[in-house]
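Before any comments, here is the structure.
The values are calculated or read from the model by the stated rules, or taken from the named source; none is laboratory data. From a predicted model like this one, the values you see are computed outputs, not experimental measurements. Glycine gets a Cβ as well: all are built from the backbone with ideal geometry, and neighbour counts include every protein chain shown. Calculation scope for accessible area: heavy atoms of the full protein, side chains included, ligands and nucleic acids excluded. Shrake-Rupley method; radii C 1.70, N 1.55, O 1.52, S 1.80 Å.
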Protein chains: 2
Amino acid sequence: MRAELYHPDREEISLDKVLHALSDPIRRDIARVMHLEGSRVCGQLDYPIAKSTLSHHLKVLRESGVMHTEIRGTARVVTLRRDDIESLFPGLLDAVRVTAPERRTAAV
Amino acid sequence: MRAELYHPDREEISLDKVLHALSDPIRRDIARVMHLEGSRVCGQLDYPIAKSTLSHHLKVLRESGVMHTEIRGTARVVTLRRDDIESLFPGLLDAVRVTAPERRTAAV
């Protein structure tokens with residue numbers, strides 16, 4: 001039997017961990033891709049980083065409550081927990097440019 | 001001659017560093033105190049942590065661009081860089097409860 005992946009319940013989600021998860025540009029980009037495209041198969045995520053590093057990023061996003069991971073056969077499908085984060089921390093996903101419309105500024 | 005304290009210019013402030021700075025509850029509380037009370041003398045900040053830990057928190061807040069530190073004689077006066085952060089990342093300080101009205105929820 002495969003161990004269940006850990007996901008915090010909504011009331012367990014902490015702002016500390018969410019902000020830590022979103023303080024990395026690749027993790028923010030993954031969150032933005034999930035927002036723009038809906039659920040995403042992990043294997044379709046393409047970044048110029050080691051697979052183990054990507055796995056770490058996905059774990060941080062999942063354990064902080066930013067993202068849900070579902071195992072479907074051999075695939076892992078990830079989804080942004082937009083409703084949970086938005087209800088706990090209104091405006092945060094917009095402010096960190098995950099759900100905001102595309103915008104270019106000097107600071108990234 | 002005393003070395004000048006480092007402060008990033010507005011255009012150098014990065015979202016990564018700001019989110020990292022705000023991912024700690026004591027650093028968020030210091031930011032909130034500065035918001036509520038205006039400038040603050042460092043010696044008036046009272047937390048049950050080592051002085052060196054507090055100094056570290058203040059350095060992270062300053063170097064990320066969240067806070068300005070001014071040396072006045074033997075005192076250091078800290079101020080939230082609200083205009084800079086708000087213009088770069090609109091809504092962020094509210095979303096992380098630094099400038100938002102007091103609100104109690106299950107998650108902190």
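Brief remarks follow.
- As a summary of the residue check, B:LEU5 satisfies the conditions (1) open to solvent by less than 40 Å² (accessible area, probe 1.4 Å); (2) in a helix (DSSP H, G or I) except for the one numbered (2).
- All positions within the range A:50-59 that are closer than 16 Å to A:GLU4 by Cα and out of contact with any strand residue (DSSP E or B) (no Cβ under 8 Å at 6 or more places or on another chain): A:LYS59
- Total residues in the range A:1-16, condition within 14 Å of chain B (Cβ to nearest Cβ), of a type outside the set (Gly, Ala, Ser) and over 25 Å from A:GLU102 (Cα atoms): 7
- Note on the range B:26-72: among residues that are farther than 15 Å from B:VAL98 by Cα and small (Gly, Ala, Ser), the one that is farthest from the chain's Cα centre (by Cα) is B:ALA50.
- Within the range B:12-41, residues that are farther than 21 Å from B:VAL77 by Cβ sit with their Cβ atoms under 9 Å from residues that are open to solvent by 30 Å² or more (accessible area, probe 1.4 Å) and basic (Lys, Arg), at 6+ positions apart or across chains, in these pairs: B:LEU15/A:ARG97; B:SER23/A:LYS17.
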